[in-house]
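Chemist: Handing you this structure, nothing more for now.
The values are calculated or read from the model by the stated rules, or taken from the named source; none is laboratory data. Model, not experiment: these values are computed from the prediction. All Cβ positions, glycine included, derive from the backbone under ideal geometry; neighbour counts span all protein chains shown.
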Amino acid sequence: RTIITACPHCFNTIKNEYTQLGGSYEVVHHTVFIDKLLVDEKIKLPAGFDQRKLTYHDPCYIGRYNDIYDEPRHVLDVLNSNRVEMGRNRNKSFCCGGGGGRAWMEEKVGKRINQTRVNEALSTGAEVLAAACPFCITMFDDGLKGVEAEEKMKIEDIAEIVAHAIESQ
């Protein structure tokens, strides 16, 4: 059996923790699944479809915890030649703040972690912050509101970008 997840938290739990309870599944994150479809030529995406400048955020649970970095970037690079990296990326990526219940915590001192990460994305000049995690998307949407930059950047899941490309054909 294969389970495809859109959530890195679920991916990590089912892949790495359910096995301890007797679960035996192949677990694939949706960005890896989409990349495999591209590599195996099961889907064709219009090269250079999306000309917006974009940056990609590595979610903690597919990045640092499961070492998935290249597949999401490959999918984006097929569709977009204007991808830029944030200073903190890959295994040094900065958390969105959505893990561990921080999404529901009110910060008492300093900046909210999601606003810090959104500011890092904004500093690249990107129009789109591509993500691969529903928690990250929620945190970044809130972060944009918090820094009053909702008009400067869109937050989109890689699957959304792929869906728009497929619809355009």
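Chemist: Say we look at the range 42-56 and pick out the residues that are farther than 16 Å from GLU160 by Cβ and modelled with pLDDT of 95 or more; which of these is farthest from the chain's Cα centre (by Cα)?
Modeler: Only one residue tops the list, namely LYS42.
Chemist: A further question follows. For residues that are surrounded by fewer than 18 Cβ atoms within 10 Å (Cβ to Cβ) and β-branched (Val, Ile, Thr), tally how many sit in the range 29-40.
Modeler: Adding up the residues that qualify gives 1.
Chemist: Still on this structure: Just to be sure I understand, how many residues within the range 71-103 are among the charged types (D, E, K, R), within 23 Å of GLU127 (Cβ to Cβ) and over 12 Å from the mean Cα position of the chain (by Cα)?
Modeler: Qualifying residue count for the region: 4.
Chemist: Looking at the range 91-115, which of the residues that are on the phi > 0 side of the Ramachandran plot and loosely packed, with under 15 Cβ neighbours inside 10 Å is modelled with the lowest pLDDT?
Modeler: So in the range 91-115, the residues on the phi > 0 side of the Ramachandran plot come out as 97, 100-101, 110.
With the extra rule that they be loosely packed, with under 15 Cβ neighbours inside 10 Å, the set shrinks to 100-101, 110.
On the way: GLY100: 63, GLY101: 59, GLY110: 63.
Restricting to residues being on the phi > 0 side of the Ramachandran plot and loosely packed, with under 15 Cβ neighbours inside 10 Å, the top hit is GLY101.
Chemist: Of the residues that sit in the range 2-25 and are touching a residue at least 24 places away in the same chain (Cβ under 8 Å) and either over 20 Å from PRO59 (Cβ atoms) or over 21 Å from the mean Cα position of the chain (by Cα) (or both), which one is surrounded by the fewest Cβ atoms within 10 Å (Cβ to Cβ)? Steps first, answer last, please.
Modeler: If we filter the range 2-25 for residues that are touching a residue at least 24 places away in the same chain (Cβ under 8 Å), which is where we start, we get 2-9, 11-12, 15-16, 25.
Adding the requirement that they be either over 20 Å from PRO59 (Cβ atoms) or over 21 Å from the mean Cα position of the chain (by Cα) (or both) leaves 2, 25.
Values: THR2: 8, TYR25: 12.
Step by step, filter the range 2-25, then rank; the result is THR2.
Chemist: Which of the residues spanning the range 1-45 are assigned to a helix (DSSP H, G or I) and within 25 Å of GLN169 (Cα to Cα)?
Modeler: Correct list: HIS30, THR31, VAL32, PHE33, ILE34, ASP35, LYS36, LEU37, LEU38, VAL39.
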